[in-house]
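Single-structure report; data block below.
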Ligand SMILES: [Zn+2]
């Protein structure tokens, strides 16, 4: 079994000129349509970073968008790809320094989650709030101080826990969830946009369910930040096999602009030393219903 460090040396040789790839008929870049991708990293089956039953490959489009292709199917991931599974590989790096730093920041400024909700509250003070990928309801608990909250969560394990806390929860993937158009003032996606099949289709649907002037906020690992530069193929932001797209402030901003949003300059988290990217976008145009909308009207499973 190769160690991640060994593997990087082999991969580096293939960097350089843009090559046409990956093979197959999966089409061009989700953001710009180009087919000129360069190979960034690859992990063979059995590599200590690769939990999947297929080789994993990360590509970078000439527009700067970074993505995993092919994406493993549920069957090719441990425990059917269940994110909340205990079988999912966890980062093994010694992160004591990071843990201490996080603890210090939390003491002085509050938790990352509470800061996110606080910043969001400054942009949209109240209204209907959808937490896409609400997990076990951590952010819902904080956001319910200001908003009428609804959570959406595809994992039955996490959704059950959020329901138990008394929240209204739609147990579904966002793509398949039947949600009324223009029914929310605020859509929050914490660690979601790096998991989706097509960010373009996803954000079109977000646009569709937001009221005019509504706001979306996305938090996602930042590609090219200090942690990536240091760890390269061993960067935790890849969540090898699970994260399908990785963004810079520029590529995510372009996505927002292409799907009817204006990117807010404040609040915004995209500084040189940030490893986590947070962008807010305000709906300025209606881009129409996305193709994959479900026909059933009304919301899904509800609490109580
Ligand atoms: Zn592109």
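State the number of residues belonging to region 58-86 that are on the phi < 0 side of the Ramachandran plot and either in contact with a helix residue (DSSP H, G or I) (Cβ under 9 Å, 6 or more places away or on another chain) or within 16 Å of the ligand (Cβ to nearest atom) (or both).
Matching residues across region 58-86 total 20.
Of the numbered conditions (1) at pLDDT 95 or above; (2) touching a strand residue (DSSP E or B) at 6+ places or on another chain (Cβ under 9 Å); (3) more than 30 Å from residue 45 (Cα to Cα), residue 250 satisfies every one except a single condition; which is it?
Of (1) at pLDDT 95 or above; (2) touching a strand residue (DSSP E or B) at 6+ places or on another chain (Cβ under 9 Å); (3) more than 30 Å from residue 45 (Cα to Cα), only one is false for residue 250: (2).
Suppose the filter is in a loop (DSSP other than H, G, I, E, B) and buried (at least 22 other Cβ atoms within 10 Å of the Cβ); does residue 149 pass it?
no
Tell me which residues, restricted to region 226-268, are in a strand (DSSP E or B) and closer than 21 Å to residue 81 by Cα.
Scanning region 226-268 gives 245, 246.
All but one of (1) at positive phi; (2) not in a loop (DSSP other than H, G, I, E, B) hold for residue 185; state the number of the condition that does not hold.
Of the numbered conditions (1) at positive phi; (2) not in a loop (DSSP other than H, G, I, E, B), the odd one out for residue 185 is (1).
Just to verify a result, which residue in region 165-180, among those that are out of contact with any strand residue (DSSP E or B) (no Cβ under 9 Å at 6 or more places or on another chain) and surrounded by 15 or more Cβ atoms within 10 Å (Cβ to Cβ), is farthest from residue 144 (Cα to Cα)?
175
The values are calculated or read from the model by the stated rules, or taken from the named source; none is laboratory data. Quick caveat, the model's predicted, so the values are computed rather than measured. Note that we place each Cβ from the backbone using ideal geometry, even for glycine, and neighbour counts take in every protein chain shown.
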